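The values are calculated or read from the model by the stated rules, or taken from the named source; none is laboratory data. Everything quoted here is computed from the prediction, not taken from an experiment. Please note: Cβ atoms are built from the backbone with ideal geometry, for glycine as well, and neighbour counts cover all protein chains shown. Please note that ligands, DNA and RNA were not included when accessible areas were found on the heavy atoms of the full protein model with its side chains. Shrake-Rupley method; radii C 1.70, N 1.55, O 1.52, S 1.80 Å.
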Amino acid sequence: MKSTEETTPILAAEGLSLGFDGRTVVHSLDLAFERGTVTTVIGPNGCGKSTLLRGLGRLLRPEAGRVTLDGAQIAAMPPRAVACRLSVLPQTPQAPAGLTVGELVARGRHPRQRWYQQFTGGDERAVSDALAATDISDLAGVPLEDLSGGQRQRAWISMTLAQETELLLLDEPTTYLDLAHQVEVLELVQRLNRELGRTVVMVLHDISLAARYSDRIVAMRDGRIVASGTPGEVITPRLLWDVFGLKAQVIAEPTDGRPHVVPIGGCRVVRAVS
């Protein structure tokens, strides 16, 4: 028999509505994430993917409903307690000029430090382990601006690892990267899940890559969930037309049998509406 911890979703949204500037973007959404899995949210631009991730990470106050973390309402938890259990990597993170990789990763330790006890041996080990996990230990003294796109994304992911949280929320971690660097980052995410047991929720635009590196796909349109399940269950020609307005064939990847999207032309514009 599984324990209560094993059966309770690590993160869940219950009747969650989110918005900004007087406009509701996510509507009465119910969604739960299982511990130790990689879930990717897909959908057209403006459908509410990033807004959902911000709400799940307590960066945006709900208009209605609630988010729970290990069964507890996240809004009632102290910010430091949340930051010790959940880390968020936004779509376009910013850092001061001249900041080195090591200095950036060390910032991930801030939630676990106290005014009376600054950087400790434990912090140093956590930073060293995070750099090693992302294969950038040799770049610790290099300024962020001197890195390639893939290396820079590894540095930001390393910072989230240094927080030592079980749950990672990644908003489009492959943005602005070429295909080789996209695969590099997603291989890292998969390794963090499989070898370190991290639970990952991320937003991606490339549907085929989402299928390849995810245990579960959540498809959104107009701030609502259209489908949720395994990549094979969700990614179908009908869903691609209904959600993205895309005519496409879905074929099995020769390496692992996962779905791969082949556009065949003729698409309609899917406009975001509130």
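Quick test of the membrane-span-like rule: which DSSP H helices of the chain reach at least 15 Å along their long axis (C-alpha atoms) with mean Kyte hydropathy at least -1.0? All intermediate terms of the calculation are to be shown ahead of the outcome.
Numbers: long enough: 121-133 (18 Å, -0.11); 149-162 (20 Å, -0.39); 179-196 (25 Å, 0.01).
Going by DSSP H runs, the hits are 121-133, 149-162, 179-196.
Tell me, what is the FRET efficiency for residue 64 and residue 35 to the nearest 0.05, using R0 = 30 angstrom and their Cβ-Cβ distance as r? Present the calculation step by step, with values, prior to reporting the outcome.
Working: r = 26 Å, r/R0 = 0.87.
Plugging the Cβ-Cβ distance into 1/(1 + (r/R0)^6) gives 0.70.
Counting pairs of alpha carbon atoms under 8 Å apart in space and at least six apart in sequence, what relative contact order in percent does the chain give?
On the way: 536 pairs, mean separation 62.7, N = 274.
Relative contact order of the chain: 23 percent.
Any idea how far apart residue 262 and residue 196 come out in nm if each label point goes 7 Å out from Cα toward Cβ?
Simple spin-label model gives 3.8 nm for this pair.
Just add up the charged neighbours of residue 133: K/R +1, D/E -1, any other residue whose Cβ is under 9 Å from the Cβ of residue 133. Working shown, then result.
Working: positive: 191; negative: 129, 135, 195.
That works out to -2.
Going by average Cβ neighbours within 10 Å, how do the peptides 152-161, 77-86 rank, with the highest at the top? Don't jump to the answer; show the numbers that get you there.
Working: 152-161: 24.7, 77-86: 15.9.
The peptides rank, most packed first, as 152-161, 77-86.
Grab the Cα-Cα distance for residue 142 and residue 45, subtract it from 0.36 nm times how many residues apart they are, and report the gain in nm with one decimal.
Details: separation 97, 0.36 × 97 = 34.92 nm, distance 3.46 nm.
Difference between extended and current length: 31.5 nm.
In terms of the Cα gyration tensor, with a ≥ b ≥ c the square roots of its eigenvalues, is the stretch 117-274 rounded because a/c is under 1.5, prolate because a/b exceeds b/c, or oblate? Present the calculation step by step, with values, prior to reporting the outcome.
On the way: a/c = 2.24, a/b = 2.14, b/c = 1.05.
Prolate, because a/c is 1.5 or more and a/b exceeds b/c.
Name the long-range amide H neighbours of residue 258: under 5 Å, sequence gap of 5 or more, or other chain; modelled H, no Pro or chain starts.
253
When the label point is put 7 Å from the Cα of residue 233 along its Cα-to-beta-carbon vector, which residues of the stretch 21-52 have a backbone N closer than 20 Å?
Taking a point 7 Å out along Cα→Cβ of residue 233, the residues of the stretch 21-52 whose backbone N falls under 20 Å are 29-43.
So for the chain, what are the equivalent ellipsoid semi-axes in whole Å, largest first, each being the square root of 5 times an eigenvalue of the Cα gyration tensor?
Working through the eigenvalues yields semi-axes of 31, 23, 18 Å.
Let me check I've understood the local charge: for residue 89, count other residues with C-beta under 10 angstrom from its C-beta, Lys and Arg +1, Asp and Glu -1. What total comes out?
-2
I'd like the Karplus ³J(HN,Hα) series for the stretch 86-97: coefficients 6.51, -1.76, 1.60, θ = phi - 60°, whole numbers in Hz, and an x wherever there's a Gly or Pro.
9, 10, 10, 10, x, 5, 10, x, 10, 9, x, 4
Residue 99 to residue 73: FRET efficiency via 1/(1 + (r/R0)^6), r the Cβ-Cβ distance, R0 41 Å, to the nearest 0.05?
On the way: r = 35 Å, r/R0 = 0.85.
The formula returns an efficiency of 0.75 here.
Hey, what did the stretch 37-184 get for relative contact order, percent, Cα under 8 Å, at least 6 apart?
Details: 164 pairs, mean separation 44.7, N = 148.
30 percent.
So, for the chain, what is the accessible surface per residue at a probe of 1.4 Å, expressed in square angstrom?
On the way: 13070 Å² over 274 residues.
Heavy-atom accessible area per residue stands at 48 Å².
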